[in-house]
Amino acid sequence: MEAWEAQTLTLPRRQKPILFDFVSMSLAVLAITLFVYASTFVGTTVAYQSLVAAFLLISGLTMAFLLARVRPDWHLDPKEWTSILMWTGVSMGAIFLVNLVRHLRFETTPMDPRLFSVLIGISEEVFFRVFLCAWLVLMVGEMFGIFLNASIFALYHVFVYSQQPSALLIIFGAGLILGYVFVKSRRASPVMLAHCLVNLIAVV
């Protein structure tokens, strides 16, 4: 009887971990607080709709720490603060340029639109960038991982914007921008901040 040869699993090339710092931790806590507020005081319809955001947040965090080489970073020095603000500004500026093609307004639920825009912005970034983009980049490399992530991000929005193909193109472009910034900065904070602020401006 022939001996079985040991099979080796080729793991993706090693990369620096994604940092989930004080800013991103605070934003995650804010999102959870907004979900608790919505489900307690606003009503059952809103509770159900905000449950999707809470699911994205919790499952994204869990999968990110399990599969995508994310680690907490408890201390931010001035250089790191500058980097977070710079990448946040780059994200927002690029998204606003993409949005000039066709001004996209944020669709909301019965919940206060400003609160929901922050909740869903944080939650989507945790799931789609901190977990999914990081995992895809580990699996297939940076360029294809960012493209796949943006495609999945746009598909996720098809139900809301199915009658507006140009809106889906804007969302795809925003996904590319946020994915690129996320991969280059190696931090969760810039994309979480940028998505929240862009959503907030879109509902004002």
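The values are calculated or read from the model by the stated rules, or taken from the named source; none is laboratory data. Quick caveat, the model's predicted, so the values are computed rather than measured. Note that we place each Cβ from the backbone using ideal geometry, even for glycine, and neighbour counts take in every protein chain shown.
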- Exactly one of LEU148, LEU119, LEU138 is more than 20 Å from PHE172 (Cβ to Cβ), under 15 Å from the mean Cα position of the chain (by Cα), in a helix (DSSP H, G or I) and at pLDDT 85 or above, and that residue is LEU119
- Message: Among the numbered criteria (1) at pLDDT below 90; (2) part of a helix (DSSP H, G or I); (3) touching a Phe, Trp or Tyr at 6+ places or on another chain (Cβ under 8 Å); (4) not small (Gly, Ala, Ser), which one does PHE128 miss?
- Response: (1)
- Query: If the Cβ limit is 8 Å and pairs must be 6+ apart or interchain, which residue in the stretch 188-199 that is outside any helix (DSSP H, G or I) pairs with which residue that is among the basic types (Lys, Arg)?
  - Reply: ALA188/ARG129
- Would a scan of the stretch 107-114 turn up a residue that is modelled with pLDDT under 85 and either in contact with a strand residue (DSSP E or B) (Cβ under 9 Å, 6 or more places away or on another chain) or in a helix (DSSP H, G or I) (or both)? yes
- Message: Yes or no: the stretch 29-48 includes at least one residue that is closer than 20 Å to VAL183 by Cα, at pLDDT 90 or above and in contact with a helix residue (DSSP H, G or I) (Cβ under 8 Å, 6 or more places away or on another chain).
- Response: no
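Within the stretch 16-34, can you find the residues that are polar (S, T, N, Q) and crowded, with 16+ Cβ neighbours inside 10 Å?
Passing the criteria: only SER24.
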- Among SER24, SER59, which is the only one that is under 20 Å from GLU125 (Cα atoms), touching a Ser or Thr at 6+ places or on another chain (Cβ under 6 Å), among the small types (Gly, Ala, Ser) and at pLDDT 90 or above? SER24
